[in-house]
Amino acid sequence: MRKIETVIEAKDEPILIPWAERDLNWRESSIPFIDKTGWHGALISPSINGTNVRFFPYYLPFGQARPFHIAENLELVVFLLEGQIEFGVGPNADQLQYFRLGKYDTLFVPSGKGVDYRNIGQTGARYVMANSPTREWPKECIYNIPGQEKPFARKF
């Protein structure tokens, strides 16, 4: 079995990653409680980290979701390749504005807003997220996991 390279640093040279060289990375999550039924998705490895942008292709299976999470100083763009996903966008989990994305739809999330999202389609969803810092790169992402008293801070 070949080793999955999860992150490629792309600072000074062009990088091409053919689709055939990507893998669904069903990795163990560093976020506690995220392995509950209904909270599972996969990075389609590798992601690319540049100096001022990061690019992440993802797969979200039918019926799965991700809890509200937010990182300071980030702008986020989501582009849906296939499937249907509903995104909640807001400053916290209690103040979300909802958007339904279909194939080839794009959503911009400004700095200071977090997201939760769920696959509302009849198949798995494939999408890409790109983010860039508005100041320095954040050091953590805060997750609000339903049923947990305190938020979880995932350190980068």
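Quick note: the coordinates plus some simple rules give every number you see, no bench work behind them. Small disclaimer: the values here were computed from a predicted structure and weren't measured. Ideal geometry is used to build each Cβ from the backbone, glycine not excepted, and the neighbour counts take in all protein chains shown.
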Expressed as a whole-number percentage, the relative contact order of the stretch 14-145 with C-alpha contacts under 8 angstrom and at least six residues apart is 30
Using eta = 1.002 mPa s and T = 20 °C, Stokes-Einstein with Kirkwood Rh from Cα pairs puts D for the chain, in µm² s⁻¹, at 132
Note to self: C-alpha centroids of the stretch 130-147 and the stretch 10-26 sit apart, in Å, by 23
Note on the stretch 91-140: C-alpha Rg/Rh, Kirkwood Rh, two decimals, gives 0.98
Mean Cβ-within-10 Å packing, highest first, puts peptides 47-54, 11-18, 122-129 in the order 122-129, 47-54, 11-18
Phi angles of the stretch 55-63, converted by Karplus (6.51 cos²θ - 1.76 cosθ + 1.60, θ = phi - 60°) into ³J(HN,Hα) in whole Hz with x for Gly and Pro, give 10, 10, x, 10, 10, 10, x, 3, x
Per 10 angstrom bin, beginning at 0 and ending with the bin that holds the maximum distance, the Cα pairs of the stretch 53-135 fall in percents of 20, 54, 25, 1
In this structure, among Lys11/Lys139; Lys103/Lys139; Lys11/Lys113; Lys113/Lys150, pairs with alpha-carbon gaps over 23 Å are Lys103/Lys139; Lys11/Lys113
Sorted by chain and number, the residues with a modelled amide H under 5 Å from that of Leu81, at a separation of 5 or more or across chains, are Tyr104, Arg126, Tyr127, Val128
